[in-house]
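This report concerns only the one structure given below.
The values are calculated or read from the model by the stated rules, or taken from the named source; none is laboratory data. Keep in mind that what you see is a predicted model, and the values were worked out from it rather than measured. In this analysis, Cβ positions are derived from the backbone assuming ideal geometry, glycine residues included, and neighbour counts consider all displayed protein chains.
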Amino acid sequence: MKTFPCLLLLLAFLAVFARGAERPNVVLILLDDLGYGDVSANHPAGRIRTPQMDRIAREGVRFTDAHTPSSVCTPTRYGLLTGRYNWRTRLQQGVLGGLSPRLIEPGRDTLASFLRRAGYRTTAVGKWHLGMDWAKLPGKEVNVLGIESAAQAWSVDYARPIANGPLSVGFDRYFGIAASLDMVPYTFIENDRVTVLPTIERTWPLHPGHPGECRTGPAAPGFEVEHVLPEFTRQAVATIEAGAASGQPFFLYLPLASPHTPIAPNPPWKGRSGLNLYADFVLETDDAIGRVLAALDRTGTAANTLVILTSDNGCSPQARIEELAAQGHAVNGPLRGHKADLFDGGHRVPFLVRWPARVRPAVSDQLVCLTDVFATCAEILGLRLPDEAGEDSFSFLSVLERRGPSTRESVVHHSISGAFAIRRGPWKLALSPGSGGWSAPRDPEARQQGLPETQLYRIGGDDLAERENLAARHPEIVAELEQTLQRLVDQGRSTPGRPQANAVPVVLRKPIPAPAAKAKRKS
């Protein structure tokens, strides 16, 4: 009888050890401005073929109702890594620049810091765009919550170390670029230093053959935008090979800078799609994903690696959306709108999850937000998120394992202008008279046209394109959804738990400015 407690203790230890041995590697691939319809598994009628992304869809779970927390870059990346809606932070609209200071609050848990505590080797390769603290020259400043001006591009001492970058939020290693590839500085960063000092000024076309250029600014001699995707791919493959050799579970966060502007496919890919350079760039990006999958296969880590592939928002008009549509390709599939919008084309994105050791292939219509990756990884490891972390993160592991739906019932959408919408069940309420972003009608024009201040669509019915505003017919649903949204804002979280404070007061209905002659582009 005396040996019985010891036997139980031994069995418990073995169970914990077994769970630890089964910890999956995690490869999180975030594409930049890839539309829902640009993945051929999502949109078979489209004219872009993506065999590598289709492979992930075929071998895993393809989610058809997945959304970014924002319809632009920086806010989505914040939500993905923290499991928290971006509008709870100081950044209420727009995006950061390449020189902006760190957005993620000191002490806040991220997916990387959480996994590192769980024994993972954590690496980020790619576009950061969440701010880092550059050493400013005496008397110089940069924009804190926006893209730097042309005059501020040389406000930084690029020879000095960078503080509070990816290494400060849980990553053991970082290689990448500070922000979008059309933002300064044009140089690679490794850990906390630039790899080559930017000493010259450069720019590149946003989409060759069409008007528009990247922001002119500091560049490293020899830096070319065409080299970025191949270099990120090489670094990602090397990370996988090193992780497999170490025997330690690894987390690779791979936020690629493509197919965002500058649209820069390498010569072997130019003309490959038969459509335009954007489509060519999507094909080259798909091939890069194939190289990452091949590295997992080659190292024997594929079976026990959780691969998640998604995009930070819908496709950008810089892709020449109308030009592609005229050739039979809808970048955002049947969805209305595009990047920056409250319409689903701004934030419904490809979301593919593969884990051969534990997940069988399927297609799911579960409502998912990119913030949910954090809680899902925690549940996979059998760990509980701290109360002050992942406030808007719901695990979808039960969906992957076909045990039932996620507990997520609603998702909050946010546009580049800071406009809000909420989706619950089949209903979507937008607190905006127009797109909230860049597509027509923009909010000022919609107000001039006398359009209603509130939009209600039955997304779960036959109106994926958001054609019929039902707000006047269903005032009770409008009131219920607006109350739900206000409650989610006020309690500082959408998951169960102790209420949390938002960083700043959050206003649901913001004043709409008068129409401008020409709006500034933000990436």
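From the residues in region 391-421 that are small (Gly, Ala, Ser) and touching a residue at least 60 places away in the same chain (Cβ under 8 Å), which one is farthest from Asp344 (Cα to Cα)? Once the filter is applied, the top-ranked residue is Ser393.
For (1) of a type in the set (A, V, I, L, M); (2) assigned by TED's automatic domain parsing to the domain that holds Phe343, each residue gets a yes or a no:
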site: Pro386; (1), (2): no, yes
site: Ala389; (1), (2): yes, yes
site: Phe394; (1), (2): no, yes
site: Glu401; (1), (2): no, yes
site: Gly404; (1), (2): no, yes
site: Ser417; (1), (2): no, no
site: Phe420; (1), (2): no, no
site: Arg423; (1), (2): no, no
site: Trp427; (1), (2): no, no
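Restricting Ala264, Ala238, Ala219 to residues that are hydrophobic (A, V, I, L, M, F, W, C) and exposed (fewer than 15 other Cβ atoms within 10 Å of the Cβ) narrows the list to Ala238.
For region 417-441, name all the residues that are in a loop (DSSP other than H, G, I, E, B) and crowded, with 20+ Cβ neighbours inside 10 Å. Those that are in a loop (DSSP other than H, G, I, E, B) and crowded, with 20+ Cβ neighbours inside 10 Å: Ser417, Ala419, Leu431, Ser432, Pro433, Gly434, Ser435, Gly436, Gly437, Trp438, Ser439. Residue count for region 345-379, restricted to those that are under 17 Å from Leu293 (Cα atoms) and under 16 Å from the mean Cα position of the chain (by Cα): 3. Within region 64-73, is there a residue that is assigned by TED's automatic domain parsing to the domain that holds Gly176, surrounded by 24 or more Cβ atoms within 10 Å (Cβ to Cβ) and either in a helix (DSSP H, G or I) or more than 16 Å from the chain's Cα centre (by Cα) (or both)? So far as region 64-73 goes, yes, one or more of its residues are assigned by TED's automatic domain parsing to the domain that holds Gly176, surrounded by 24 or more Cβ atoms within 10 Å (Cβ to Cβ) and either in a helix (DSSP H, G or I) or more than 16 Å from the chain's Cα centre (by Cα) (or both).
Restrict the check to region 379-390 and report whether at least one residue is without any contact (Cβ under 8 Å) to a residue 24 or more places away in the chain and assigned to a helix (DSSP H, G or I).
Within region 379-390, the first condition is being without any contact (Cβ under 8 Å) to a residue 24 or more places away in the chain, and the residues that meet it are 379, 384.
Of the ones still in play, those that are also assigned to a helix (DSSP H, G or I) are 379.
Within region 379-390 (the criterion being without any contact (Cβ under 8 Å) to a residue 24 or more places away in the chain and assigned to a helix (DSSP H, G or I)), the answer is yes, since at least one residue qualifies.
Leu256 satisfies every condition listed in (1) surrounded by fewer than 21 Cβ atoms within 10 Å (Cβ to Cβ); (2) under 25 Å from the mean Cα position of the chain (by Cα) except (1). If the condition is being assigned to a helix (DSSP H, G or I) and either in contact with a helix residue (DSSP H, G or I) (Cβ under 6 Å, 6 or more places away or on another chain) or in contact (Cβ under 8 Å) with a residue 24 or more places away in the chain (or both), then region 213-230 contributes Val225, Glu226, Val228, Leu229, Pro230.
May I ask you to verify whether Glu105 is in contact (Cβ under 8 Å) with a residue 12 or more places away in the chain and either within 27 Å of Trp134 (Cα to Cα) or not assigned by TED's automatic domain parsing to the domain that holds Trp154 (or both)? Show your work before the answer.
On the way: in contact (Cβ under 8 Å) with a residue 12 or more places away in the chain: yes; either within 27 Å of Trp134 (Cα to Cα) or not assigned by TED's automatic domain parsing to the domain that holds Trp154 (or both): yes.
Spelling it out, Glu105 is indeed in contact (Cβ under 8 Å) with a residue 12 or more places away in the chain and either within 27 Å of Trp134 (Cα to Cα) or not assigned by TED's automatic domain parsing to the domain that holds Trp154 (or both).
Within region 38-55, the residues that satisfy the criterion of being assigned to a helix (DSSP H, G or I) and crowded, with 24+ Cβ neighbours inside 10 Å are Asp38, Met53.
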